[in-house]
Amino acid sequence: MKQEDTIRLLQECDVGTQMGYDSLLEVCDNVKDPGFKKRLESTIAEHEALKAEVQTVLNTSGAAGKSPNPIAKGMSWLKTNAELLANPTDGKVADLVIDGCNMGVKTICRDLNQYADADETAKALAKKLIRCEESLAMDIRQYL
């Protein structure tokens, strides 16, 4: 059970890093404030690095990664683009990103509880992703 929980938690982290990366990339070009844009770009890089870490551990375990659900990804894309079309401001981008961060934190926390037998490496990566999302949400509140 421990190995199975470890792999499942890592796969959910893989999905989370990819969703975060794709979503941030989607909105980054809409940001006008240089400080805000720089913060998003640094978080994109963090997600990329974290995804690589997760992939390395998955590969070591002999397991494959997991892609985001195409329906969830499509719905996110649609919501983001529709809202930015109606209100293309830094405040709207911050609002969307904070919502995404909160959803990511909620999902990964639930996964941590669901896959409680996962090894410490997988749990540490999940917690690292949570901290990354929480930090971004806090840092960009000033742009709301």
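Select from region 32-46 the residues that are in a helix (DSSP H, G or I) and in contact with a helix residue (DSSP H, G or I) (Cβ under 7 Å, 6 or more places away or on another chain) and list them in ascending order.
Passing the criteria: PHE36, LYS37, ARG39, LEU40, GLU41, THR43, ILE44, GLU46.
Only one of these is closer than 24 Å to GLN142 by Cα, touching a residue at least 40 places away in the same chain (Cβ under 8 Å) and among the charged types (D, E, K, R): GLU53, GLU41, GLU46. Name it.
Numbers: GLU53 fails: closer than 24 Å to GLN142 by Cα; GLU41 fails: touching a residue at least 40 places away in the same chain (Cβ under 8 Å).
Answer to the selection: GLU46.
Look through ALA118, ALA94 and report the one residue that is at pLDDT 95 or above, outside any helix (DSSP H, G or I) and open to solvent by less than 30 Å² (accessible area, probe 1.4 Å).
Checking each option against the conditions leaves just ALA118.
For region 49-66, which positions are surrounded by 15 or more Cβ atoms within 10 Å (Cβ to Cβ) and part of a helix (DSSP H, G or I)?
Scanning region 49-66 gives LEU50, LYS51, GLU53, VAL54, GLN55, VAL57, LEU58, SER61.
Quick test for you: out of ASN69, ASN113, pick the one residue that is over 16 Å from ASP22 (Cα atoms), open to solvent by 60 Å² or more (accessible area, probe 1.4 Å) and out of contact with any Leu (no Cβ under 9 Å at 6 or more places or on another chain).
After applying the criteria, what remains is ASN113.
Just the residues that are touching a residue at least 12 places away in the same chain (Cβ under 8 Å) and surrounded by 15 or more Cβ atoms within 10 Å (Cβ to Cβ), please, taken from region 97-110.
VAL97, ILE98, GLY100, CYS101, GLY104, VAL105, THR107, ILE108, listed by residue number.
When region 14-48 is examined, which residues are found to be of a type in the set (Asp, Glu), open to solvent by less than 60 Å² (accessible area, probe 1.4 Å) and under 14 Å from GLY100 (Cβ atoms)?
Answer for region 14-48, where residues must be of a type in the set (Asp, Glu), open to solvent by less than 60 Å² (accessible area, probe 1.4 Å) and under 14 Å from GLY100 (Cβ atoms): just ASP22.
Test of understanding: among GLU12, GLU26, GLU48, which residue is at pLDDT 95 or above and more than 18 Å from ASP111 (Cα to Cα)?
Working: GLU12 fails: more than 18 Å from ASP111 (Cα to Cα); GLU26 fails: at pLDDT 95 or above.
Criteria check complete, one pass: GLU48.
The values are calculated or read from the model by the stated rules, or taken from the named source; none is laboratory data. Given the structure is predicted, the values throughout are model-derived calculations rather than measurements. Neighbour counts are summed over all protein chains in view; Cβ atoms, including those assigned to glycine, are modelled from backbone coordinates with ideal geometry. Ligands, DNA and RNA are stripped out before the accessible areas are found, and what is left, the full protein with its side chains, is counted by its heavy atoms. Shrake-Rupley method; radii C 1.70, N 1.55, O 1.52, S 1.80 Å.
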